[in-house]
1. Given the criteria part of a helix (DSSP H, G or I) and of a type outside the set (D, E, K, R), does Leu130 qualify?
2. Please count how many residues of the stretch 94-114 are assigned to a loop (DSSP other than H, G, I, E, B) and over 16 Å from Ser172 (Cβ atoms).
3. So which helices (runs of 4 or more DSSP H) stay within the stretch 137-233 end to end and still have 3 or more residues that are among the charged types (D, E, K, R) and at pLDDT 90 or above?
4. Here is a check on your reading of the model: is Ser127 loosely packed, with under 14 Cβ neighbours inside 10 Å, under 30 Å from Trp195 (Cβ atoms) and assigned by TED's automatic domain parsing to the domain that holds Val201?
5. Just wondering, is there one or more residues in the stretch 156-175 that are crowded, with 17+ Cβ neighbours inside 10 Å and more than 26 Å from Gly95 (Cα to Cα)?
6. Could we say that Ala85 is farther than 19 Å from Ala179 by Cα and either of a type in the set (A, V, I, L, M) or within 32 Å of the chain's Cα centre (by Cα) (or both) here?
Amino acid sequence: MLHIRWAWRVRVAAEVDEELPGLETDARCREIEGRMRRHAEVEAADFVVRQAEAREREAQRAAARAEAEARAAVEREWAAAEAAARQAVGCGECGRARSAGLCEACDHRRQTEALIGEAGLLAAAWSADLTDPSSVAAVTAEVLASIEDAIAAEWEQFQQITDPAVLEAAGSEAVENAAAHNAFLTAESAAAEYWQQALAVLGRSEEAQAEARKAYAAELAKLWHRALPDSDDALRAATEAAAKAQTRTAEHPSRRAAGAAARPGPPRAGSVRVVVAAPARACRPPAARRRPQGGDRMTELSGVDLARQAMAAAREAAKKRRPYGEAEAAHRHGCTLGRP
(Lines give C-alpha, C1' and ligand atoms only; values in the text may rest on other atoms or scores of the structure.)
Protein backbone atom coordinates (compact mmCIF):
# COMPACT_ATOMS: atom_id res chain seq x y z
CA MET A 1 0.00 0.00 0.00
CA LEU A 2 2.85 2.38 0.86
CA HIS A 3 4.50 1.99 -2.51
CA ILE A 4 1.19 2.82 -4.22
CA ARG A 5 0.93 6.09 -2.29
CA TRP A 6 4.52 6.97 -3.14
CA ALA A 7 3.80 6.23 -6.81
CA TRP A 8 0.77 8.54 -6.71
CA ARG A 9 2.84 11.26 -4.99
CA VAL A 10 5.46 11.07 -7.75
CA ARG A 11 2.73 11.21 -10.38
CA VAL A 12 1.01 14.22 -8.73
CA ALA A 13 4.35 16.03 -8.37
CA ALA A 14 5.04 15.49 -12.07
CA GLU A 15 1.61 16.84 -12.96
CA VAL A 16 2.14 19.94 -10.75
CA ASP A 17 5.55 20.63 -12.32
CA GLU A 18 4.03 20.29 -15.80
CA GLU A 19 0.91 22.36 -15.14
CA LEU A 20 2.36 25.00 -12.77
CA PRO A 21 6.02 25.51 -13.57
CA GLY A 22 8.03 28.03 -11.52
CA LEU A 23 6.14 27.57 -8.21
CA GLU A 24 8.03 28.17 -5.04
CA THR A 25 8.85 25.20 -2.87
CA ASP A 26 6.18 25.92 -0.20
CA ALA A 27 3.47 26.53 -2.77
CA ARG A 28 4.49 23.43 -4.68
CA CYS A 29 4.29 21.29 -1.51
CA ARG A 30 0.88 22.73 -0.59
CA GLU A 31 -0.43 22.04 -4.10
CA ILE A 32 0.87 18.46 -4.02
CA GLU A 33 -0.65 17.84 -0.58
CA GLY A 34 -3.97 19.31 -1.64
CA ARG A 35 -4.14 17.08 -4.69
CA MET A 36 -3.13 14.03 -2.63
CA ARG A 37 -5.96 14.76 -0.13
CA ARG A 38 -8.48 15.01 -2.94
CA HIS A 39 -7.21 11.75 -4.40
CA ALA A 40 -7.48 10.08 -0.97
CA GLU A 41 -11.06 11.33 -0.59
CA VAL A 42 -11.95 9.88 -4.01
CA GLU A 43 -10.33 6.57 -3.11
CA ALA A 44 -12.20 6.44 0.21
CA ALA A 45 -15.53 7.11 -1.48
CA ASP A 46 -14.76 4.46 -4.11
CA PHE A 47 -13.83 2.00 -1.34
CA VAL A 48 -17.15 2.62 0.39
CA VAL A 49 -19.02 2.01 -2.86
CA ARG A 50 -17.09 -1.19 -3.51
CA GLN A 51 -17.84 -2.46 -0.01
CA ALA A 52 -21.54 -1.75 -0.50
CA GLU A 53 -21.53 -3.57 -3.84
CA ALA A 54 -19.71 -6.53 -2.28
CA ARG A 55 -22.26 -6.74 0.52
CA GLU A 56 -25.05 -6.62 -2.03
CA ARG A 57 -23.49 -9.41 -4.12
CA GLU A 58 -22.97 -11.53 -1.01
CA ALA A 59 -26.62 -11.03 -0.07
CA GLN A 60 -27.67 -12.05 -3.59
CA ARG A 61 -25.52 -15.17 -3.42
CA ALA A 62 -26.93 -16.08 -0.02
CA ALA A 63 -30.47 -15.63 -1.34
CA ALA A 64 -29.65 -17.75 -4.40
CA ARG A 65 -28.19 -20.48 -2.20
CA ALA A 66 -31.24 -20.46 0.04
CA GLU A 67 -33.53 -20.63 -2.99
CA ALA A 68 -31.51 -23.50 -4.49
CA GLU A 69 -31.58 -25.41 -1.20
CA ALA A 70 -35.32 -24.91 -0.91
CA ARG A 71 -35.82 -26.04 -4.51
CA ALA A 72 -33.59 -29.09 -3.94
CA ALA A 73 -35.56 -29.97 -0.81
CA VAL A 74 -38.82 -29.77 -2.76
CA GLU A 75 -37.36 -31.90 -5.55
CA ARG A 76 -36.16 -34.47 -3.03
CA GLU A 77 -39.64 -34.61 -1.53
CA TRP A 78 -41.17 -35.07 -4.98
CA ALA A 79 -38.64 -37.77 -5.86
CA ALA A 80 -39.30 -39.59 -2.59
CA ALA A 81 -43.05 -39.41 -3.17
CA GLU A 82 -42.66 -40.68 -6.76
CA ALA A 83 -40.36 -43.48 -5.63
CA ALA A 84 -42.84 -44.52 -2.95
CA ALA A 85 -45.70 -44.47 -5.44
CA ARG A 86 -43.67 -46.39 -7.99
CA GLN A 87 -42.56 -48.92 -5.40
CA ALA A 88 -46.15 -49.50 -4.43
CA VAL A 89 -47.02 -50.66 -7.96
CA GLY A 90 -47.22 -54.43 -8.34
CA CYS A 91 -45.20 -56.45 -10.83
CA GLY A 92 -46.71 -56.43 -14.30
CA GLU A 93 -45.57 -60.00 -14.97
CA CYS A 94 -46.39 -62.00 -11.85
CA GLY A 95 -48.43 -59.48 -9.84
CA ARG A 96 -46.10 -59.42 -6.84
CA ALA A 97 -46.99 -56.46 -4.63
CA ARG A 98 -44.65 -53.49 -4.13
CA SER A 99 -42.33 -54.38 -7.01
CA ALA A 100 -42.11 -51.04 -8.84
CA GLY A 101 -43.78 -52.55 -11.89
CA LEU A 102 -41.22 -55.35 -12.33
CA CYS A 103 -39.97 -57.63 -9.59
CA GLU A 104 -36.42 -58.91 -9.37
CA ALA A 105 -37.31 -62.43 -10.46
CA CYS A 106 -39.19 -61.29 -13.58
CA ASP A 107 -36.39 -58.89 -14.49
CA HIS A 108 -33.88 -61.75 -14.32
CA ARG A 109 -36.22 -63.94 -16.39
CA ARG A 110 -36.35 -61.29 -19.11
CA GLN A 111 -32.58 -60.99 -19.20
CA THR A 112 -32.19 -64.77 -19.16
CA GLU A 113 -34.50 -65.14 -22.15
CA ALA A 114 -32.55 -62.47 -24.07
CA LEU A 115 -29.25 -64.21 -23.28
CA ILE A 116 -30.58 -67.60 -24.37
CA GLY A 117 -31.77 -66.10 -27.64
CA GLU A 118 -28.36 -64.51 -28.17
CA ALA A 119 -26.58 -67.79 -27.45
CA GLY A 120 -28.83 -69.63 -29.90
CA LEU A 121 -28.17 -67.17 -32.71
CA LEU A 122 -24.43 -67.22 -31.99
CA ALA A 123 -24.44 -71.00 -32.28
CA ALA A 124 -26.47 -70.80 -35.48
CA ALA A 125 -24.03 -68.27 -36.95
CA TRP A 126 -21.41 -71.01 -37.43
CA SER A 127 -23.27 -74.34 -37.18
CA ALA A 128 -26.46 -73.79 -39.19
CA ASP A 129 -27.48 -72.74 -42.67
CA LEU A 130 -28.46 -69.12 -42.12
CA THR A 131 -30.58 -69.16 -45.29
CA ASP A 132 -32.71 -72.00 -43.91
CA PRO A 133 -35.04 -70.87 -41.10
CA SER A 134 -35.71 -74.44 -40.03
CA SER A 135 -31.98 -75.09 -39.56
CA VAL A 136 -31.59 -71.95 -37.46
CA ALA A 137 -34.68 -72.84 -35.42
CA ALA A 138 -33.34 -76.34 -34.77
CA VAL A 139 -30.01 -75.03 -33.49
CA THR A 140 -31.63 -72.38 -31.28
CA ALA A 141 -34.03 -74.97 -29.86
CA GLU A 142 -31.11 -77.27 -29.09
CA VAL A 143 -29.25 -74.46 -27.37
CA LEU A 144 -32.38 -73.52 -25.40
CA ALA A 145 -32.82 -77.09 -24.16
CA SER A 146 -29.14 -77.40 -23.25
CA ILE A 147 -29.04 -74.13 -21.32
CA GLU A 148 -32.28 -74.92 -19.50
CA ASP A 149 -30.87 -78.30 -18.48
CA ALA A 150 -27.77 -76.56 -17.15
CA ILE A 151 -29.97 -74.14 -15.20
CA ALA A 152 -31.82 -77.04 -13.65
CA ALA A 153 -28.52 -78.74 -12.76
CA GLU A 154 -27.12 -75.56 -11.19
CA TRP A 155 -30.28 -75.01 -9.16
CA GLU A 156 -30.30 -78.61 -7.98
CA GLN A 157 -26.69 -78.22 -6.87
CA PHE A 158 -27.60 -75.00 -5.07
CA GLN A 159 -30.39 -76.77 -3.21
CA GLN A 160 -28.06 -79.60 -2.22
CA ILE A 161 -25.48 -77.29 -0.66
CA THR A 162 -28.06 -75.07 1.07
CA ASP A 163 -29.78 -75.94 4.29
CA PRO A 164 -33.54 -76.45 3.62
CA ALA A 165 -34.32 -74.67 6.87
CA VAL A 166 -32.54 -71.57 5.57
CA LEU A 167 -34.54 -71.64 2.34
CA GLU A 168 -37.78 -72.10 4.26
CA ALA A 169 -36.94 -69.24 6.60
CA ALA A 170 -36.09 -66.96 3.68
CA GLY A 171 -39.55 -67.30 2.20
CA SER A 172 -40.90 -68.20 -1.21
CA GLU A 173 -40.13 -64.82 -2.78
CA ALA A 174 -36.47 -64.97 -1.77
CA VAL A 175 -36.18 -68.52 -3.14
CA GLU A 176 -37.78 -67.43 -6.40
CA ASN A 177 -35.38 -64.48 -6.67
CA ALA A 178 -32.42 -66.78 -6.03
CA ALA A 179 -33.59 -69.22 -8.70
CA ALA A 180 -34.06 -66.45 -11.26
CA HIS A 181 -30.65 -64.98 -10.45
CA ASN A 182 -29.07 -68.42 -10.79
CA ALA A 183 -30.68 -68.79 -14.21
CA PHE A 184 -29.42 -65.37 -15.29
CA LEU A 185 -25.83 -66.11 -14.24
CA THR A 186 -25.83 -69.45 -16.03
CA ALA A 187 -27.27 -67.97 -19.22
CA GLU A 188 -24.78 -65.12 -19.10
CA SER A 189 -21.88 -67.56 -18.83
CA ALA A 190 -23.30 -69.66 -21.67
CA ALA A 191 -23.71 -66.66 -23.96
CA ALA A 192 -20.09 -65.63 -23.28
CA GLU A 193 -18.82 -69.10 -24.17
CA TYR A 194 -20.94 -69.29 -27.33
CA TRP A 195 -19.51 -65.91 -28.33
CA GLN A 196 -15.93 -67.16 -27.91
CA GLN A 197 -16.74 -70.37 -29.74
CA ALA A 198 -18.32 -68.46 -32.63
CA LEU A 199 -15.21 -66.28 -32.91
CA ALA A 200 -12.95 -69.34 -32.88
CA VAL A 201 -14.92 -71.14 -35.61
CA LEU A 202 -15.60 -68.12 -37.81
CA GLY A 203 -11.97 -67.07 -37.42
CA ARG A 204 -10.98 -70.22 -39.34
CA SER A 205 -13.19 -69.34 -42.29
CA GLU A 206 -11.66 -68.58 -45.66
CA GLU A 207 -12.77 -64.96 -45.50
CA ALA A 208 -11.16 -64.40 -42.09
CA GLN A 209 -7.92 -66.08 -43.17
CA ALA A 210 -7.83 -64.04 -46.37
CA GLU A 211 -8.21 -60.82 -44.37
CA ALA A 212 -5.47 -61.99 -42.01
CA ARG A 213 -3.10 -62.65 -44.91
CA LYS A 214 -3.85 -59.25 -46.40
CA ALA A 215 -3.20 -57.52 -43.08
CA TYR A 216 0.04 -59.51 -42.62
CA ALA A 217 1.32 -58.53 -46.08
CA ALA A 218 0.22 -54.91 -45.64
CA GLU A 219 2.09 -54.63 -42.34
CA LEU A 220 5.30 -56.05 -43.84
CA ALA A 221 4.96 -53.68 -46.81
CA LYS A 222 5.21 -50.62 -44.58
CA LEU A 223 8.26 -48.46 -45.12
CA TRP A 224 9.85 -49.13 -41.73
CA HIS A 225 9.67 -52.92 -42.24
CA ARG A 226 10.97 -53.09 -45.80
CA ALA A 227 14.67 -53.21 -44.91
CA LEU A 228 14.34 -56.13 -42.49
CA PRO A 229 11.04 -57.88 -43.23
CA ASP A 230 12.13 -61.04 -41.41
CA SER A 231 13.19 -59.29 -38.20
CA ASP A 232 11.48 -60.10 -34.92
CA ASP A 233 9.82 -56.67 -34.68
CA ALA A 234 8.44 -56.85 -38.22
CA LEU A 235 7.12 -60.39 -37.81
CA ARG A 236 5.62 -59.58 -34.43
CA ALA A 237 3.81 -56.50 -35.79
CA ALA A 238 2.59 -58.41 -38.85
CA THR A 239 1.35 -61.30 -36.71
CA GLU A 240 -0.55 -58.90 -34.44
CA ALA A 241 -2.10 -57.15 -37.44
CA ALA A 242 -3.16 -60.50 -38.92
CA ALA A 243 -4.72 -61.62 -35.62
CA LYS A 244 -6.66 -58.37 -35.29
CA ALA A 245 -7.95 -58.60 -38.86
CA GLN A 246 -8.92 -62.24 -38.38
CA THR A 247 -10.80 -61.47 -35.16
CA ARG A 248 -12.47 -58.40 -36.66
CA THR A 249 -13.71 -60.42 -39.64
CA ALA A 250 -15.00 -63.18 -37.38
CA GLU A 251 -16.76 -60.69 -35.10
CA HIS A 252 -18.92 -59.26 -37.89
CA PRO A 253 -21.40 -62.15 -38.27
CA SER A 254 -21.25 -62.83 -34.53
CA ARG A 255 -22.18 -59.25 -33.67
CA ARG A 256 -24.94 -59.30 -36.26
CA ALA A 257 -26.37 -62.45 -34.67
CA ALA A 258 -26.03 -61.00 -31.18
CA GLY A 259 -27.70 -57.77 -32.30
CA ALA A 260 -30.67 -59.73 -33.59
CA ALA A 261 -31.16 -61.15 -30.11
CA ALA A 262 -30.62 -57.83 -28.34
CA ARG A 263 -34.20 -56.74 -29.03
CA PRO A 264 -36.32 -59.47 -27.45
CA GLY A 265 -40.04 -59.09 -27.08
CA PRO A 266 -41.88 -59.35 -23.77
CA PRO A 267 -41.14 -62.72 -22.16
CA ARG A 268 -43.90 -65.23 -22.36
CA ALA A 269 -45.15 -66.79 -19.18
CA GLY A 270 -43.35 -70.06 -18.66
CA SER A 271 -41.14 -69.62 -21.74
CA VAL A 272 -37.96 -70.10 -19.69
CA ARG A 273 -37.71 -72.52 -16.85
CA VAL A 274 -36.42 -70.92 -13.69
CA VAL A 275 -33.97 -73.60 -13.05
CA VAL A 276 -29.94 -72.20 -17.30
CA ALA A 277 -26.97 -74.90 -19.19
CA ALA A 278 -23.52 -73.98 -18.09
CA PRO A 279 -21.70 -73.16 -21.28
CA ALA A 280 -19.18 -75.95 -20.72
CA ARG A 281 -22.04 -78.45 -20.92
CA ALA A 282 -24.03 -76.49 -23.48
CA CYS A 283 -25.03 -78.22 -26.65
CA ARG A 284 -22.49 -78.78 -29.38
CA PRO A 285 -23.59 -79.17 -33.00
CA PRO A 286 -23.42 -82.76 -34.20
CA ALA A 287 -20.27 -83.83 -36.00
CA ALA A 288 -22.22 -84.31 -39.22
CA ARG A 289 -23.18 -80.65 -39.19
CA ARG A 290 -19.60 -79.55 -38.91
CA ARG A 291 -18.27 -82.03 -41.46
CA PRO A 292 -18.07 -80.64 -45.01
CA GLN A 293 -20.21 -82.18 -47.72
CA GLY A 294 -18.50 -84.34 -50.27
CA GLY A 295 -15.10 -85.96 -50.10
CA ASP A 296 -13.08 -82.81 -49.44
CA ARG A 297 -11.23 -82.60 -46.17
CA MET A 298 -11.67 -79.57 -43.95
CA THR A 299 -8.43 -77.67 -43.38
CA GLU A 300 -8.63 -75.64 -40.18
CA LEU A 301 -5.58 -73.42 -39.86
CA SER A 302 -4.89 -71.98 -36.45
CA GLY A 303 -3.39 -68.57 -35.90
CA VAL A 304 0.06 -70.15 -35.38
CA ASP A 305 -0.14 -72.02 -38.70
CA LEU A 306 -1.24 -68.86 -40.46
CA ALA A 307 1.66 -66.93 -38.97
CA ARG A 308 4.12 -69.64 -40.02
CA GLN A 309 2.85 -69.59 -43.60
CA ALA A 310 3.06 -65.81 -43.74
CA MET A 311 6.57 -65.85 -42.28
CA ALA A 312 7.72 -68.33 -44.94
CA ALA A 313 6.21 -66.18 -47.68
CA ALA A 314 7.89 -63.10 -46.23
CA ARG A 315 11.28 -64.83 -46.21
CA GLU A 316 10.89 -65.85 -49.87
CA ALA A 317 9.96 -62.28 -50.79
CA ALA A 318 12.93 -60.97 -48.81
CA LYS A 319 15.31 -63.23 -50.72
CA LYS A 320 14.08 -61.83 -54.03
CA ARG A 321 14.75 -58.23 -53.01
CA ARG A 322 17.91 -58.98 -50.99
CA PRO A 323 20.22 -56.42 -52.77
CA TYR A 324 17.95 -53.51 -51.91
CA GLY A 325 17.43 -54.74 -48.39
CA GLU A 326 21.15 -55.19 -47.72
CA ALA A 327 22.02 -51.79 -49.13
CA GLU A 328 19.36 -50.01 -47.08
CA ALA A 329 20.32 -51.88 -43.91
CA ALA A 330 23.98 -51.04 -44.45
CA HIS A 331 23.12 -47.40 -45.07
CA ARG A 332 21.19 -47.29 -41.78
CA HIS A 333 24.15 -48.73 -39.87
CA GLY A 334 26.58 -46.32 -41.47
CA CYS A 335 28.69 -48.84 -43.42
CA THR A 336 29.32 -49.55 -47.10
CA LEU A 337 29.03 -52.81 -48.94
CA GLY A 338 32.24 -54.13 -50.40
CA ARG A 339 32.29 -55.69 -53.80
CA PRO A 340 33.19 -59.41 -54.01
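The values are calculated or read from the model by the stated rules, or taken from the named source; none is laboratory data. Keep in mind it's a predicted model, so treat the numbers as computed, not measured. Positions of Cβ are backbone-derived with ideal geometry, glycine not excepted, and every protein chain shown enters the neighbour counts.
1. no
2. Selection size over the stretch 94-114: 3.
3. Because the criterion is at least 3 residues that are among the charged types (D, E, K, R) and at pLDDT 90 or above, the helices (runs of 4 or more DSSP H) in the stretch 137-233 that meet it are 172-202, 206-220.
4. no
5. There is no residue in the stretch 156-175 that is crowded, with 17+ Cβ neighbours inside 10 Å and more than 26 Å from Gly95 (Cα to Cα).
6. Considered against the rule, which asks whether it is farther than 19 Å from Ala179 by Cα and either of a type in the set (A, V, I, L, M) or within 32 Å of the chain's Cα centre (by Cα) (or both), Ala85 comes out as yes.
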